[in-house]
Amino acid sequence: ERKTALATGATGFLGTHLSHSLLQQGYRVLARARSSKNTSADDRVRDVLRTVGDFPYKNLKVFDGDISQPELGLNEVSLGTASTVDEVWHCAASLSFQQEDRDEIFRINVDGTRNVVQIVERTPARRLQHVSTAYVAGKRADIAPETEIYVGQSFRNAYEESKCQAELLIAAASARGAIQSSIYRPSLVIGDSTTGAVRPLSGGSGRRS
């Protein structure tokens with residue numbers, strides 16, 4: 001039976017490769033993306049997926065939404081479809097490190113994650129796969145076990161702090177049995193492991209995927 005995955009951040013580097021991999025594995029992928037001034041969300045996702053390689057187009061459906069909005073900004077029909085997925089892959093994030101972007105960073109990375117968790121709670125398996133960062137460790141000088149999130153550490157920037165708070169939200173939802181979650185903490189993303197190919201990075205620029 002074909003599984004269905006909802007992916008946020010499908011136009012970001014990790015989100016693009018993840019969505020492409022899921023499609024290649026036979027998943028039906030519901031991709032959440034934002035339209036731009038001149039390009040629809042559907043065109044944005046399909047264009048960026050083509051940079052990775054061919055994929056089964058019929059198994060991709062794109063929703064125009066915004067994770068910072070309640071219910072991801074989805075309309076009633078899209079929201080109903082999203083509530084039937086087998087698992088949610090949450091890759092969308094603000095990648096800015098700038099203090100002047102602090103409010104926007106927390107709106108996307110913390111409030112957005114809260115909105116995603118609420119969607120996951122409505123799905124049959126309540127399964128969340130969350131892409132975080134190794135830098136939730138902040139300025140810790142000791143070894144940071146995977147089982148620890150916040151132990152009083154300070155942070156270098158709002159991005160690190162926001163991703164830590166997002167993990168705390170997910171951990172709390174998992175602890176009360178509302179969702180089943182896995183959290184992934186990549187370090188620096190330097191490109192495709194085989195070809196080395198990478199699209200322009202936006203870390204520190206204030207952009208978001």
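The values are calculated or read from the model by the stated rules, or taken from the named source; none is laboratory data. From a predicted model like this one, the values you see are computed outputs, not experimental measurements. FYI the Cβ positions are ideal-geometry reconstructions off the backbone, even for glycines, and counts take in every protein chain you see. Areas reflect the complete protein model, heavy atoms only, side chains present, ligands, DNA and RNA absent. Shrake-Rupley method; radii C 1.70, N 1.55, O 1.52, S 1.80 Å.
Val117 meets each of the listed conditions (1) loosely packed, with under 15 Cβ neighbours inside 10 Å; (2) under 19 Å from Ala175 (Cα atoms) apart from (1). Does Thr11 meet the test of being surrounded by 14 or more Cβ atoms within 10 Å (Cβ to Cβ) and more than 18 Å from Glu121 (Cβ to Cβ)? Spelling it out, Thr11 is indeed surrounded by 14 or more Cβ atoms within 10 Å (Cβ to Cβ) and more than 18 Å from Glu121 (Cβ to Cβ).
Listed here are the residues, each with its yes/no results for (1) surrounded by 19 or more Cβ atoms within 10 Å (Cβ to Cβ); (2) without any contact (Cβ under 8 Å) to a residue 24 or more places away in the chain; (3) within 25 Å of Arg107 (Cβ to Cβ).
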residue: Leu22; (1), (2), (3): yes, no, no
residue: Gln25; (1), (2), (3): no, yes, no
residue: Arg28; (1), (2), (3): no, no, no
residue: Ala31; (1), (2), (3): yes, no, yes
residue: Ser40; (1), (2), (3): no, no, yes
residue: Asp47; (1), (2), (3): no, yes, no
residue: Asp54; (1), (2), (3): no, yes, no
residue: Leu60; (1), (2), (3): yes, no, no
residue: Phe63; (1), (2), (3): yes, no, yes
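Pairs meeting the criteria (first residue in segment 175-199 and surrounded by 11 or more Cβ atoms within 10 Å (Cβ to Cβ), second residue among the acidic types (Asp, Glu) and modelled with pLDDT under 95, beta carbons under 9 Å, at least 6 apart or on different chains) are Ile183/Glu146; Arg185/Glu146; Val198/Asp192. Residue-level check: of (1) in contact (Cβ under 8 Å) with a residue 12 or more places away in the chain; (2) hydroxyl-bearing (Ser, Thr, Tyr); (3) open to solvent by 10 Å² or more (accessible area, probe 1.4 Å); (4) out of contact with any strand residue (DSSP E or B) (no Cβ under 7 Å at 6 or more places or on another chain), Ser96 misses just (3).
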